Amino acid sequence: MPDWMPGPGEMVGGAVLLYLLLLARSARKQGEFKQFLWGLVIVIGIIGIIGGVIWGWIALKG
């Protein structure tokens, strides 16, 4: 793969970002942007908690 091409992780990250932007645009048009943001905060919080538990588990085992 040429150096200028994004890697698989960058492609997935870009696709997720594009999807979230399209969802945000749709939510704004329907007047549900506040609910979209709350949902996003909840998902980020859950991912953070899971990551913290995994990090703690690794720290205790290591």
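Nothing in this text is a laboratory measurement; each read-out follows from the coordinates by a stated rule. Treat the numbers as computed from the prediction; the structure is a model and nothing was measured. Cβ sites come from the backbone with ideal geometry, for glycine too, and all protein chains shown count toward neighbours.
Taking percent of Cα pairs over 12 Å apart as calculated from this structure, the corresponding entry among [x] 71; [y] 77; [z] 66 is [y]. Computed from the C-beta positions of TRP38 and MET11 and an R0 of 35 Å, the FRET efficiency is 0.75 to the nearest 0.05. Across the range 32-57, the residues whose backbone nitrogen lies under 17 Å from the label position 7 Å along the beta-carbon direction of ALA24 are 32-45.
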